[in-house]
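Have a look at the structure below before the remarks.
The values are calculated or read from the model by the stated rules, or taken from the named source; none is laboratory data. In this text, all values refer to a predicted model and were calculated from it rather than measured experimentally. Here the Cβ positions follow ideal geometry from the backbone for every residue, glycine too, while neighbour counts run over all protein chains shown. Side chains are part of the model used for accessible areas, which takes the heavy atoms of the whole protein and leaves out ligands, DNA and RNA. Shrake-Rupley method; radii C 1.70, N 1.55, O 1.52, S 1.80 Å.
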Amino acid sequence: MNEIAYSVRRSARARRVRVNVHAQAELRSVGVEVVLPERAPERAAAAAVRELRPWIQRRVDEAQEVIGVLAARAGTVPYLGRPLLLVPQPGRTRVHRSGELLFVPAADPRPALERFYRRAARGEVRRRLEAATAISGRPYRDLQVRSQRSRWASCSPEGRMSFNWRLLLAPERVLDYVIWHEVCHLEVLDHSPRFWALLGRRWPSYREDRAWLRRYGATLVL
């Protein structure tokens, strides 16, 4: 049985041993990290890896799948489920779309691509959000497009909406699911059975789309 390679990080805030598995998209590799409280013995890391080996292996396999998806893009980026071909051009500073082509800076295009997706996300999200709230009869108060680390979207009690621009890298139906998820929060703020019943009526395929986001959310990077 192969040993699982891992790194150890000590944290003053950690209260228990924690294991993280990350798909390191830029490096096309998988990292296993054990977080130890400051006073925990070093052997606690090895013990945690042994105990959690089946779970770690599943997460590593999932992360390898993510890396495979990213490698398969081969000079393209997804836009609501459709691949757009990247065309590098020397001297270009902004991204320009022409049909299925994206003309991008010849150097590292990611900063310009992020600006392009942020601008596009505002229009794509607003159009869908206004259509959904018109159906639900629950207006929203404000819309922001952000780059959240830990969530795809949020809805405040006052009806302020926030969406992650990376959702434009997902299939269109996944963006629509997230929008309906937040629109349902205009009526039910929590995740009670009442909320899920409402979402099921508004977006019947939410389970499949939620599962897609959980499995492939890590691929939504440039």
Qualifying residue in the range 123-136 (condition: open to solvent by less than 40 Å² (accessible area, probe 1.4 Å) and touching a Pro at 6+ places or on another chain (Cβ under 8 Å)): yes
Search result, residues across the range 42-101 that are modelled with pLDDT under 95, on the phi > 0 side of the Ramachandran plot and hydrophobic (A, V, I, L, M, F, W, C): 74
Residues of the range 198-222 satisfying the condition of being over 8 Å from the mean Cα position of the chain (by Cα) and outside any helix (DSSP H, G or I): 203, 204, 205, 222
Strands (runs of 3 or more DSSP E) lying entirely in the range 15-113 (those with 1 or more residues that are surrounded by 14 or more Cβ atoms within 10 Å (Cβ to Cβ)): 18-24, 29-37, 76-79, 82-89, 101-105
Of residues in the range 145-165 being of a type in the set (Ser, Thr, Tyr) and either more than 14 Å from residue 128 (Cα to Cα) or in a loop (DSSP other than H, G, I, E, B) (or both), the one most open to solvent (accessible area, probe 1.4 Å): 150
Pairs where the first residue, in the range 46-73, is closer than 17 Å to residue 3 by Cβ and the second is part of a loop (DSSP other than H, G, I, E, B) and open to solvent by 60 Å² or more (accessible area, probe 1.4 Å), C-beta under 8 Å, 6+ apart: 49/6
Test: residue in the range 170-189 that is at pLDDT 95 or above, among the hydroxyl-bearing types (Ser, Thr, Tyr) and either closer than 15 Å to residue 132 by Cα or assigned to a helix (DSSP H, G or I) (or both): yes
Residues being more than 28 Å from residue 66 (Cβ to Cβ) and of a type in the set (A, V, I, L, M) - total across the range 185-213: 5
